[in-house]
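Asks: Sharing a structure here in structure tokens format.
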Amino acid sequence: MGFVPLILVVIVLLPLVWLELRRYGQARLDGKVSDAMRARLGRRLLSAGLLVVVTALVGFGLEFRTLFQPSQLVGYFLICGLLLCLLVGTMIYDIRAVVRQSLLEFHDRDAEAARFQAFMARDASLPHELFQKGKAGGGEPGRTRKPLG
């Protein structure tokens, strides 16, 4: 019973690790691998590995707790707790790094200019019928509507 969570964690993590490896492999084939992407892959694989190790250690400790003396069991679970804190720290660092990288890409001047050009092109391609004065949906600027009654 102690190893059922380990099996479940591995079943959940395998597709996630496969997705990250595929994303990295596709970026590598496209020639768009950056240092940030390499670091993100390393952090996520480290987090997945730590999660499997912590789950296995806790499962082992719970399954075979009768083999330990009480002081050994406390020390064992303290080590598991420290590894869990390292895992949470790695995950928080990964989230912070991904948000920071996204903000850097968003505030990049070239990317901002490209987004502005795309916005202007989309705005110019709107049909002119929407803005004609005589149509029911359009109106003259500065003119107020009359009340209905």
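The values are calculated or read from the model by the stated rules, or taken from the named source; none is laboratory data. Remember, predicted model here, so these are calculated numbers, not experimental data. Here the Cβ positions follow ideal geometry from the backbone for every residue, glycine too, while neighbour counts run over all protein chains shown. With ligands, DNA and RNA removed, areas are computed over all heavy atoms of the protein, side chains included. Shrake-Rupley method; radii C 1.70, N 1.55, O 1.52, S 1.80 Å.
Asks: What are the pairs, 6+ residues apart or on separate chains, where a residue within region 83-95 that is among the polar types (S, T, N, Q) has its Cβ under 7 Å from a residue that is open to solvent by 40 Å² or more (accessible area, probe 1.4 Å)?
Replies: Once the first residue is among the polar types (S, T, N, Q) and sits in region 83-95, its partners that are open to solvent by 40 Å² or more (accessible area, probe 1.4 Å) give T90/L46.
Asks: Same structure again: Of everything in region 60-73, what is open to solvent by less than 90 Å² (accessible area, probe 1.4 Å) and either in a helix (DSSP H, G or I) or small (G, A, S) (or both)? Give them in sequence order.
Replies: Of everything in region 60-73, those that are open to solvent by less than 90 Å² (accessible area, probe 1.4 Å) and either in a helix (DSSP H, G or I) or small (G, A, S) (or both) turn out to be F60, G61, L62, E63, S71, L73.
Asks: Same structure, new question: Show the residue pairs meeting these rules: Cβ distance below 6 Å; 6+ apart or different chains; first residue within region 27-55 and open to solvent by less than 50 Å² (accessible area, probe 1.4 Å) and among the small types (G, A, S); second residue at pLDDT 90 or above and in a helix (DSSP H, G or I).
Replies: S47/T90; S47/M91; A48/L13; A48/V17
Asks: Shifting gears a bit: Just a yes or no: is a residue in region 93-102 in a helix (DSSP H, G or I), in contact with a Leu (Cβ under 8 Å, 6 or more places away or on another chain) and of a type in the set (S, T, N, Q)?
Replies: no
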